[in-house]
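Notes follow the structure.
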Amino acid sequence: MKLQELIKNIKIKKILNEKDIDITGISYNSKTVKEGEIFVCLKGEHSDGHEFAKMAVENGAAALYCEKELDIDVPQVIVESTRHQIADLAAAFYNYPSKKIKLIGVTGTNGKTTVTHLIQRIVEDAQHKCALIGTLGYKLSGKDTYHDAKHTTPQAPELQKTLEMIYEQNIDYVAMEVSSHALEQNRVGGCDFDGAVFTNLTQDHLDYHITMNNYFEAKALLFRGLKKGDFAVINNDDEYAQRFKDVVPEGVKIYTYGIKNDADVKAEDIDFSIHGAKFKINAKKAAAGHKDVNLQMNGMFSVYNALAALTAGIAMGFDIDVCIRALEETKSVDGRFEIVSKKPLVIVDYAHTPDGLENVLKAARELTPKDANLVCMFGCGGDRDATKRPKMGKIADENADIVVVTSDNPRSEDPQLIISDILAGIKTVNTQKVFVEPDRRTAISMLKNIAKENDVVVLAGKGHEDYQILKDKTIHFDDREEARKVFC
């Protein structure tokens, strides 16, 4: 693509050394930039891409996308913010692929991965092709293989390239997880969403957003960006529901779902068993009356996730019976309330927030026999919001009979200090209820002697992850593998 064509719709401050050269791609890594690409000088917390611009040109970059003039003799496109405008560049380079597909964004603290998977299943059961982008990577329609992604929502060039590839595969729908970081950093800039789904908003990422209001404002950007004719699906039981409704632009159709409060799609008469969750659906906007639903997934949070996906299906115009059948045929997503052993019942879940841990433990309690114990093993990530650690300790203490505190991804922090933060929220001093073991593998092994055959064990925090991030390295580690070694 010619440089002038690439930047014609981008708000720029000025161009230096202007030449209408061919641009072969977009890069923001000076070491891997390829011949003919435009190098984006991104400013981060720990580095400034402007300092690597000369190296990028030496390695083949044909032009620069920057915030200030540089003493380098190649075309320089100067913009206000490369971090926020890299998305404009990427969308233009890949010819705005999201305008050619139906893109559904799902945001919220918990449930994004499950909801996108359920939406994909609904769309495909309605005889359309649907791809998936999110925490587990991206997955094409009809495929079981995930392609790795470094972030829940990829950086703009990777995201736009993926969307263009999806379009070229003749896939007409995409269900995408949209993180608060991606929204605040404008990684999804240039994306034309047809619908947005809100799951819930509880404490997480405050190391980045600082306040819950900032966190809300980041999530709200997805809804503010909707246009006339689009739809918004909102959890009417969440305390932030009204605030999300208030930011939805005029002409966007709002659909609500819930259990406690009145909603367009409501679940009633909910019952849980080892086999899953049963409930009735009252879907006003589908004019369908009451419908029975038998999920293979368990827990109240799974009911909410199913409601979110079902409501999105109704908003997209799909038959409610097709939507319900798709939900009923879907098994749990990897690492989300995933059962890896029956005796004892061992459940692996990604829950890594206070709300997520409480939801999982309450769901596990429904499956715990009266004469058995609910055992919870968890840790908290290092270099992340430390204020949630004692809260999660308190939740584990109050909702489980036995608690094993261990490491999650400690990163650069001392695991023992993270554990101390968690223990500050635990009031129980009974050494037969609370155990501490910083080594996660050893902690899982300990459970063999702690849990009896009819107990329920929850391994929380890592879910689908097959690695552990330590201070000086990342190692292979999978809770599911370790649990099977011990219990199967």
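The values are calculated or read from the model by the stated rules, or taken from the named source; none is laboratory data. Since we're looking at a predicted model, the values are computed, not measured. Note: ideal-geometry Cβ built from the backbone for every residue, glycine included; neighbour counts use all protein chains shown.
The table below lists the values:
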| read-out | value |
| --- | --- |
| Filter result (in contact with a helix residue (DSSP H, G or I) (Cβ under 6 Å, 6 or more places away or on another chain) and at pLDDT 95 or above) within the range 296-313 | 305, 306, 308, 309, 310, 312, 313 |
| Matching entry among 408, 397 (being in a helix (DSSP H, G or I), at pLDDT 95 or above and surrounded by fewer than 24 Cβ atoms within 10 Å (Cβ to Cβ)) | 397 |
| Residue match in the range 51-58 (condition: assigned to a helix (DSSP H, G or I), of a type in the set (Phe, Trp, Tyr) and surrounded by fewer than 24 Cβ atoms within 10 Å (Cβ to Cβ)) | yes |
| Filter result for residue 387 (of a type in the set (Ser, Thr, Tyr), at pLDDT 90 or above and assigned by TED's automatic domain parsing to the domain that holds residue 437) | yes |
| Residue list for the range 438-488, restricted to those being closer than 16 Å to residue 346 by Cα, under 27 Å from the mean Cα position of the chain (by Cα) and either of a type in the set (D, E, K, R) or surrounded by fewer than 15 Cβ atoms within 10 Å (Cβ to Cβ) (or both) | 440, 441, 462, 478, 479, 480, 481, 482, 484 |
| Elements of type helices (runs of 4 or more DSSP H) in the range 180-262, at least 1 residues being hydroxyl-bearing (Ser, Thr, Tyr) and over 20 Å from the mean Cα position of the chain (by Cα) | none |
| Any hit, the range 66-89, residues being touching a Gly at 6+ places or on another chain (Cβ under 6 Å) and more than 16 Å from residue 186 (Cβ to Cβ) | no |
| Neighbours by Cβ (under 7 Å, 6+ apart or cross-chain): first from the range 71-86, closer than 14 Å to residue 10 by Cα and of a type in the set (Asp, Glu); second outside any helix (DSSP H, G or I) and at pLDDT 95 or above | 80/13 |
| Residue 106 vs. criteria at pLDDT 95 or above, surrounded by 20 or more Cβ atoms within 10 Å (Cβ to Cβ) and in contact with a Cys (Cβ under 8 Å, 6 or more places away or on another chain) | no |
| Residue count for the range 1-27, restricted to those that are touching a helix residue (DSSP H, G or I) at 6+ places or on another chain (Cβ under 6 Å), in contact (Cβ under 8 Å) with a residue 40 or more places away in the chain and under 20 Å from residue 71 (Cα atoms) | 1 |
| Residues (surrounded by fewer than 19 Cβ atoms within 10 Å (Cβ to Cβ) and over 25 Å from residue 321 (Cα atoms)) located in the range 110-151 | 137, 145, 146, 147, 148, 150, 151 |
| Test: residue in the range 248-262 that is in the same structural domain as residue 127 (by TED's automatic domain parsing), buried (at least 22 other Cβ atoms within 10 Å of the Cβ) and hydrophobic (A, V, I, L, M, F, W, C) | no |
| Failed condition for residue 323, given (1) modelled with pLDDT of 95 or more; (2) within 16 Å of residue 422 (Cα to Cα); (3) in a helix (DSSP H, G or I) | (2) |
| Qualifying residue in the range 64-73 (condition: in contact with a Lys or Arg (Cβ under 8 Å, 6 or more places away or on another chain) and either modelled with pLDDT under 95 or in the same structural domain as residue 164 (by TED's automatic domain parsing) (or both)) | no |
| Residue under evaluation residue 391, criteria (1) in a helix (DSSP H, G or I); (2) under 16 Å from residue 347 (Cα atoms); (3) of a type in the set (Lys, Arg), criterion not met | (2) |
| Members of the range 411-448 that are under 18 Å from residue 480 (Cβ atoms) and either part of a strand (DSSP E or B) or of a type in the set (Val, Ile, Thr) (or both) | 442, 444 |
